[in-house]
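Asks: Take this structure first; my questions come after.
The values are calculated or read from the model by the stated rules, or taken from the named source; none is laboratory data. Because the structure is predicted, anything quoted here is derived from the model rather than measured. Ideal geometry is used to build each Cβ from the backbone, glycine not excepted, and the neighbour counts take in all protein chains shown.
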Amino acid sequence: MGDSEEVSRVSSCTIAPAKASQEQQLEVAPSKHHLLTGGYIQEGLVLPKPDPDPNSEFSSSSMDSVLHRLKASLSECLSYFFPLAGRLASKPDGSITIHCNDAGVEFVYAKAIHITLDDILVSPYVPPLW
């Protein structure tokens, strides 16, 4: 895989739950604190390169439609998984809570012009078995 300049951020925004949840504090059990050291949840989708043909299923205008639907779907999902749209907080006694405040999650739209699926799917950190 090449330089990080091959991936460019097109836009980003915060997606909030479609339906407001009741503001509350959820305590994270001490036995689960180790799960918080792995960083935040990062998931990605790989979509086909837009077709220059405006009538194509994967044209630039349809990509705008896909992005709109992804954002709307994420917003709906956050209504059911509302703690994911909250923020972690620590109390003076060392306990950790999730402040369920519907603050939302970051949605990033990026383009990778010269990167193939092979570059993404083949991890340099996993040695071959044979």
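Asks: For segment 78-110, which residues satisfy the criterion of being in a strand (DSSP E or B) and closer than 30 Å to Ser8 by Cβ?
Replies: Correct list: Arg87, Leu88, Val105, Glu106, Phe107, Val108, Tyr109, Ala110.
Asks: Does Ala112 satisfy the condition of being touching a strand residue (DSSP E or B) at 6+ places or on another chain (Cβ under 8 Å) and either farther than 23 Å from Ala20 by Cα or not aliphatic (A, V, I, L, M) (or both)?
Replies: For Ala112, the condition - touching a strand residue (DSSP E or B) at 6+ places or on another chain (Cβ under 8 Å) and either farther than 23 Å from Ala20 by Cα or not aliphatic (A, V, I, L, M) (or both) - is met.
Asks: Can Asp118 be described as exposed (fewer than 14 other Cβ atoms within 10 Å of the Cβ), of a type in the set (D, E, K, R), over 16 Å from the mean Cα position of the chain (by Cα) and modelled with pLDDT under 80?
Replies: For Asp118, the condition - exposed (fewer than 14 other Cβ atoms within 10 Å of the Cβ), of a type in the set (D, E, K, R), over 16 Å from the mean Cα position of the chain (by Cα) and modelled with pLDDT under 80 - is met.
Asks: Still on this model: Identify the residue in segment 61-115 that is touching a residue at least 60 places away in the same chain (Cβ under 8 Å) and of a type in the set (Ser, Thr, Tyr) and, among all such residues, is surrounded by the most Cβ atoms within 10 Å (Cβ to Cβ).
Replies: Ser75
Asks: Looking at (1) of a type outside the set (Asp, Glu); (2) at pLDDT 85 or above; (3) farther than 24 Å from Val7 by Cα; (4) outside any helix (DSSP H, G or I), which is the one condition that is false for Leu129?
Replies: (2)
Asks: Of the residues that make up segment 99-106, is at least one among the polar types (S, T, N, Q) and modelled with pLDDT of 75 or more?
Replies: Checked segment 99-106: at least one residue is among the polar types (S, T, N, Q) and modelled with pLDDT of 75 or more.
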